[in-house]
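The values are calculated or read from the model by the stated rules, or taken from the named source; none is laboratory data. All values derive from a computational prediction rather than experimental measurement. Backbone-built Cβ (ideal geometry, glycine too); neighbour counts: all protein chains shown. In case anyone asks, the SASA skips ligands and DNA or RNA and just uses the protein heavy atoms, side chains included. Shrake-Rupley method; radii C 1.70, N 1.55, O 1.52, S 1.80 Å.
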Amino acid sequence: MILNKNFTYLCTVNILKRMNLPIYLDNNATTPMDPRVLDAMLPYFTSKFGNAASRNHAFGWVAEEAVDYAREQVAKLIGASEKEIIFTSGATESDNLAIKGVFEMYKEKGNHIITSVTEHKAILDACKHVEKLGGRVTYLPVKEDGLIDLQQLEEAMTPETILVSIMYGNNEIGVIQPVKEIAAIAHKHGALFMTDAVQAVGKIPVNVIEDGIDLLALSGHKIYGPKGVGALYVRRKGPRVKVTAQMDGGGHERGMRSGTLNVPGIVGLGKACELCMQEMESEAKRLSALRDKLQAELTVLEESYVNGNVEHRLPHVANISFKYVEGEGLMMAMKDLAVSSGSACTSASLEPSYVLKSLGLSDDLAHSSIRFGLGRFTTEEEVNYAIEVTKKSVNHLRELSPLWEMFKEGVDLSKIEWAEH
Amino acid sequence: MAYSEKVIDHYTNPRNVGTLDKSSHKVGTGLVGAPECGDVMRLQIEVGEDNVITDAKFKTFGCGSAIASSSLATEWLKGKSIDDAMKIDNMDIVEELALPPVKIHCSVLAEDAIKAAINDYRVKNGLEAIVSEKVHH
């Protein structure tokens, strides 16, 4: 018995030694940089510091060569050619350049853009801007599994529609939209197809040719690369797509995005893409197995619900609502787990997640949601720990929850007149 | 946003979690908030001789600050007369727990819960409910 106890104790100590707390399970927000990416970047801060636009000396040539190489690495990951990659400061800039740039370039042709309500704010707010400039925007609703209805898209298309912008994978629930079908509908009506693929690129196969994508936004820091760098893919053939620059200056990036190139960042983005290309397939298998385990173990808890479509979903994401427990309170209980919640209390607006609400989720379930985002450096031990801590915390907070007590007593909570406050 | 030490203390070791017999004439129950808003507090008091609160229990669905606010409220209520309990102000809770501005509504909810529990007790015992005219900060 004593031996046994000691053994258990030693095992626990070992696990704790292996795991560094807190555990990071918020890889949809950002990812740690892969040390191999850092190694690739370092020389470009110091010895190889040249301006890629300096055409008349070796410092410039070295930088330009590095940028060209990175452009190839990025292009290869999405099946593009290197001339179609425009480097930006990140996906927010890429989204803005795509939406505003297409609107400005094609407004003679039409003023209508179609997007969806679950898009990232960078798309939604760029669309709001376009509306101020006289554009008309249709915000398609989503079905309760988070997918858009292709029939509704078809019906929303008009001769004035110049652009359809639908995200590839959703950041909160991981749902993957049927981009190929969406692109086909857009093209049938003579519109371009843009996709914010920040969460999908590097996690699942994305191919601009096969998928029929005309513009695509991606980001470095979601794929184990550096923050502050991203790219916009702009199709050059069939059709040749143009966007009006939103940043004027020295005419960098084929005139579409001026500004001295962030060479170390770009080198890092390129390296990050290369690593994803090499490891994506095995990594997706590993992560979806871990995610499925996490989800299976946590949905054993009574009154827990997975949000969004589980079939068409990114391999590393699970968004789960634990009814009768409030998300921020839950995150506080799981202080050694870094996750995020759709709870209002975590936002400045005091409104729960608009993505979850657009699935038709009631506010109380949206308040109770936790997003688990696994990543390249997530280990099985960490997932096991997360399962234990989450279960323990949900049970603990339910003991504290008057709603849970009422539910257990069979009180119909929807019949109670709550005082809105 | 980091929580204050006192919030963490009440959250980690909540005082007086539980349920009193709401059918007892000695018990007043206040249930405030709404699930849609992300917080619901149930605060109960048991009133003994001389209108003194002999026991207080709570259960709260909400964020850490909401749980801490109600835990603190039950601690303050025990041993207080009903009249003194009526005087507990949400800003006292804000101050004690060092709540940031976005969490003030948690303290408001706790004050509302106290008043609702007292009024439930009063009505049960044939007294009129006290209408609070207070405008919250």
Next item on the list: Tally up the carbon and sulfur contribution to the accessible surface of the stretch B:62-101 as a whole percent, 1.4 Å probe, everything protein left in place.
Entry: 49 percent
Next item on the list: Could you quote the convex hull projected area for the stretch A:107-177, Cα atoms only and averaged over all directions, in nm²?
Entry: 4.6 nm²
Next item on the list: Of the options B:Gly33, B:Asn51, B:Pro101, report the single residue whose Cα projects farthest towards the positive end of the charge dipole of chain B (beta-carbon charges: Lys, Arg +1; Asp, Glu -1).
Entry: B:Gly33
Check: Counting only the heavy atoms of the protein chains, how much of B:Thr12 is accessible to a 1.4 Å probe, in Å² to the nearest 10?
Finding: 80 Å²
Item checked: Protein accessible surface hidden between A and B, which excludes ligands and nucleic acids, total in Å², probe 1.4 Å -> 2500 Å²
Next item on the list: Select from the stretch B:29-54 all residues whose loss of accessible area on going from the chain by itself to the full protein assembly reaches 50 Å² or more (probe 1.4 Å).
Entry: B:Leu31, B:Pro35, B:Glu36, B:Cys37
Notebook entry, point to check: Which value at 222 nm does the protein assembly as shown reach when only helices count, each DSSP H run of 4 or more adding -39,500 (n - 2.57), with the total divided by all residues and rounded to the nearest 500 deg cm²/dmol?
Noted result: -13000 deg cm²/dmol
Next item on the list: Express as a percent, rounded to the nearest 5, the fraction of DSSP beta bridges in the stretch A:186-313 (both residues included) that run antiparallel.
Entry: 55 percent
Next item on the list: May I ask you to evaluate 6.51 cos²θ - 1.76 cosθ + 1.60, the Karplus curve with θ = phi - 60°, for each residue of the stretch A:217-228 and list the ³J(HN,Hα) values in order in whole Hz, giving x for glycine and proline?
Entry: 9, 9, 9, x, 7, 8, 10, 6, x, x, 7, x
Check: Stretched out fully, how many nm does the piece from A:Glu65 to A:Asp336 gain, at 0.36 nm a residue minus the Cα gap?
Finding: 93.2 nm
Check: B:Ser81's amide H: which non-local residues (gap 5+, or another chain) put their own amide H closer than 5 Å, with H modeled 1.01 Å from N in plane and none for Pro or chain starts?
Finding: B:Ile53
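Only Cα pairs under 8 Å and at least 6 apart count here; give the relative contact order of the stretch B:4-99 as a rounded whole percent.
Worked out over the stretch B:4-99, it gives 30 percent.
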Margin query: Can you tell me how the stretch A:180-305 classifies by the Cα gyration tensor, rounded, prolate or oblate, using a/c under 1.5 as the rounded cut?
Written below: oblate
Next item on the list: Name the residue farthest towards the positive end of the dipole of the protein assembly as shown from the options A:Ile185, A:His252, A:Leu294, assuming +1 on Cβ of Lys and Arg, -1 on Cβ of Asp and Glu, about the Cα centre.
Entry: A:His252
Next item on the list: Take the stretch B:85-135, drop everything but the C-alpha atoms, weight them equally and run the Debye formula without solvent; then report log10 I(q)/I(0) at 0.30 Å⁻¹ to two decimals.
Entry: -1.13
Item checked: Whether the stretch B:1-92 is rounded, prolate or oblate, judged on the alpha carbon gyration tensor where a/c under 1.5 counts as rounded -> prolate
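Starting from the Cα gyration tensor of the stretch A:81-201, take the square roots of the eigenvalues, sort them a ≥ b ≥ c, and report rounded, prolate or oblate (rounded when a/c is under 1.5, otherwise prolate if a/b is larger than b/c, else oblate).
Because its axes are fairly even, with a/c under 1.5, the stretch A:81-201 counts as rounded.
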Item checked: Pairwise centroid distance, computed over Cα atoms, of the stretch A:193-246 with the stretch A:94-147, Å -> 16 Å
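With only Lys, Arg, Asp and Glu charged, each at its Cβ (+1 for the first two, -1 for the last two), find how big the charge dipole of chain A is about the Cα centre; round to the nearest 20 debye.
Taking the Cα centre of chain A as origin, the dipole is about 1260 debye.
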Notebook entry, point to check: Ordering B:Asp83, A:Asp95 from largest to smallest accessible area (1.4 angstrom probe), what's the sequence?
Noted result: B:Asp83, A:Asp95
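Given that compact globular proteins tend to follow 2.2 N^0.38 Å, what is the ratio of the alpha-carbon Rg of the protein assembly as shown to that value?
Taking the Cα Rg and dividing by 2.2 N^0.38 Å, one obtains 1.14.
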Note to self: For a Förster distance of 35 Å, can you work out the FRET efficiency between the beta-carbons of A:Lys188 and A:Ala53, rounded to the nearest 0.05?
What the structure shows: 0.30
Next item on the list: Give a quick list of trypsin sites (Lys or Arg not before Pro) in the stretch B:78-137 that DSSP marks as loop, anything other than H, G, I, E or B, with at most 13 other Cβ atoms within 10 Å.
Entry: B:Lys87, B:Lys134
Notebook entry, point to check: Which whole-number percentage describes the relative contact order of chain A, with Cα contacts under 8 Å and a sequence gap of 6 or more?
Noted result: 20 percent
Note to self: Keeping every protein chain present and rolling a 1.4 Å probe, give me the accessible area per residue for the protein assembly as shown in Å².
What the structure shows: 43 Å²
Note to self: With loop defined by DSSP as not H, G, I, E or B, and exposure as at most 11 other Cβ atoms within 10 Å, which is the longest segment of chain A clear of exposed GluC sites (Glu not before Pro)?
What the structure shows: A:109-310
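Between exposed GluC sites (Glu not before Pro) in chain B, where DSSP calls loop and at most 11 other Cβ atoms lie within 10 Å, what's the longest gap?
It runs B:1-127.
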Item checked: Ratio Rg/Rh [Cα only; Rh per Kirkwood] for the stretch A:273-421 -> 1.01
Notebook entry, point to check: Could you state the number of Å between the C-alpha centres of the stretch A:48-81 and the stretch B:82-123?
Noted result: 62 Å
Notebook entry, point to check: Which percent, to the nearest 5, of DSSP beta bridges fully inside the protein assembly as shown are antiparallel?
Noted result: 65 percent
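Filter the chymotrypsin sites (Phe, Trp or Tyr not before Pro) in the stretch A:382-420 down to the DSSP loop ones having no more than 16 other Cβ atoms within 10 Å, then list what survives.
A:Trp418
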Next item on the list: Provide the descending list of Cα extents for the stretch A:148-247 along its principal axes, expressed in whole angstroms.
Entry: 41, 32, 23
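If I compute solvent accessible area with a 1.4 Å probe over the protein chains, what percent of it on chain A is carbon and sulfur?
Percent of accessible area from carbon and sulfur atoms in chain A: 55.
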Note to self: Checking the table A:Lys408/B:Lys57; A:Lys76/A:Lys203; B:Lys57/B:Lys87; A:Lys323/A:Lys357; A:Lys293/A:Lys357; A:Lys335/A:Lys408 against a 21 Å threshold on Cα-Cα, which pairs fail?
What the structure shows: A:Lys293/A:Lys357; A:Lys335/A:Lys408
Next item on the list: Among DSSP beta bridges lying fully in the stretch A:75-180, give the percent that are antiparallel, nearest 5.
Entry: 20 percent
